[in-house]
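Q: My structure is below; once you've seen it, I'll send some questions.
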Amino acid sequence: MRHRTTVTGLAGALALSALTIPAAAQADDFSGNIRITKVVVNGGKDIVLGTTDVKTFTIAVTATDDSGIEVGNTFPVMWHTPLPNGDYYGLVIPDDIAGKCVRQSSTTTTCTHTLKINPRIHQDNTTAGTWTVRTHALANDGDYITKDSAAKAKVLRNSKLTVNASPEPVKKNKTITVTGALTRANWETYKYAGYTKQPVKLQFKKKGTSTYTTLKTATTESKGNLRTTTKATADGYFRYSFAGTSTTPAVASAADYVDVK
């Protein structure tokens, strides 16, 4: 089921008055020499959501104008999918309308806004991936700018990965079977489910060393399970490592130590 999030209340009124989001992207709207020079979402890191916990993150907007920036007018919103009727799938707005603003100089100010994204309200599985930030700034002399695509951010479905190598202990050069499972958050059932047909690396770190070496690549089956074999050559640690996709973050399993006799 899709979760349709609309803007409501005082924050919504301000957002809609300053930042009406079109169903199709438009060119930036501006007057004067004001510029938005930098927008940073979540400190530059991907936003990763599980099935229950609300994620709090920030959007920091830096703007500059020769007259200085009017504090409290850098209001950003972040959205995923515009619809033809002007509604949206996935839309988050700041908790703090004004933000916390720091003047970098007489001309430049950075305002940081706190936002929350809830996997049970703002998300369904189709909204995993790239989101867009639209933001506004107003100068002391009346110059203004609304930047339609001020930044991009990734909102991803959290992933989990397990490993088990057996038998333990094992005789040298005998076959070890390594099983595991790759799962990711489902924002519609609120459970973790297998991530199918994904390449996952089997890696080994010899006891006393610090670096993992990739032995082979296995592919998850219909329920996200993994199963492959390798030779026991020395005491050490096995793990699975997943590189991630456009909707799901990279993850490595915990290590499973095998004693080779």
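Q: Explain nothing, just the number: dipole magnitude of the chain about its Cα centre with +1 on each Lys and Arg Cβ and -1 on each Asp and Glu Cβ, in debye rounded to the nearest 20.
A: Dipole of the chain, to the nearest 20 debye: 2060 debye.
Q: Once neighbouring chains are kept in place and the probe is 1.4 Å, which whole percent of the accessible area of the chain is contributed by carbon and sulfur?
A: Here carbon and sulfur together make up 50 percent of the probe-accessible area.
Q: Straight-line reach only, C-alpha to C-alpha below 25 angstrom: list the lysines that residue 172 could link to, leaving out same-chain residues fewer than 8 apart.
A: Straight-distance partners of residue 172: 201, 205, 206, 207, 216, 231, 261.
Q: Over the chain, what is the relative contact order in percent, taking alpha-carbon pairs closer than 8 angstrom and at least six residues apart?
A: 19 percent
Q: Taking θ = phi - 60°, what integer Hz values does the Karplus form 6.51 cos²θ - 1.76 cosθ + 1.60 yield along region 249-261, in sequence order, with x for Gly and Pro?
A: My calculation for region 249-261 gives x, 5, 7, 10, 6, 5, 8, 10, 7, 10, 8, 9, 8 Hz in order.
Q: Next question, about the same structure. When the chain is modelled as a GNM with alpha-carbon springs shorter than 10 Å, which of 249, 119, 82 fluctuates the most?
A: Sorting by GNM fluctuation, first place goes to 82.
Q: Something else about it: What residue among 211, 74, 228 has the largest mean-square fluctuation in a Gaussian network model of the chain, using Cα springs under 10 Å?
A: Largest GNM mean-square fluctuation: 211.
Q: Also: Excluding residue 108 itself, what net charge comes from residues whose Cβ is under 11 Å from its Cβ, given Lys and Arg +1 and Asp and Glu -1?
A: In short, +1.
Q: Relative to the longest principal axis of the chain, what angle (0 to 90°, nearest 10) does the C-alpha long axis of helix 9-18 take?
A: So the helix axis and the longest Cα principal axis differ by about 70 degrees.
Q: Just to verify a number: what accessible area does residue 229 come out at with the full protein assembly present, 1.4 Å probe, Å² rounded to tens?
A: Accessible surface of residue 229 is approximately 60 Å².
Q: Using Cα springs under 10 Å in a Gaussian network model of the chain, which residue among 83, 138, 226 shows the largest mean-square fluctuation?
A: 83
Q: I've got another one for you. Treating cross-link reach as a plain straight distance, find the lysines whose alpha-carbon is under 18 Å from the alpha-carbon of residue 45, omitting any fewer than eight places away in the same chain.
A: Residue 45 reaches 55, 116, 152, 154.
Q: Still on this structure, please answer the following. Per residue Cα convex hull volume for the chain, in cubic angstrom?
A: For the chain, the hull spanned by Cα atoms encloses 146 Å³ per residue.
Q: Just to check, using Stokes-Einstein with a Kirkwood Rh over alpha carbon pairs, what's the diffusion coefficient of region 52-194 at 4 °C and 1.567 mPa s in µm²/s?
A: Estimated diffusion coefficient is 71 µm²/s.
The values are calculated or read from the model by the stated rules, or taken from the named source; none is laboratory data. Nothing here was measured: the structure is a model prediction, and the numbers come from that model. We place every Cβ from the backbone using ideal geometry, glycine too, and count neighbours over all the protein chains shown. The protein model used for the area step is the full one, side chains on, heavy atoms only, and it has no ligands, DNA or RNA in it. Shrake-Rupley method; radii C 1.70, N 1.55, O 1.52, S 1.80 Å.
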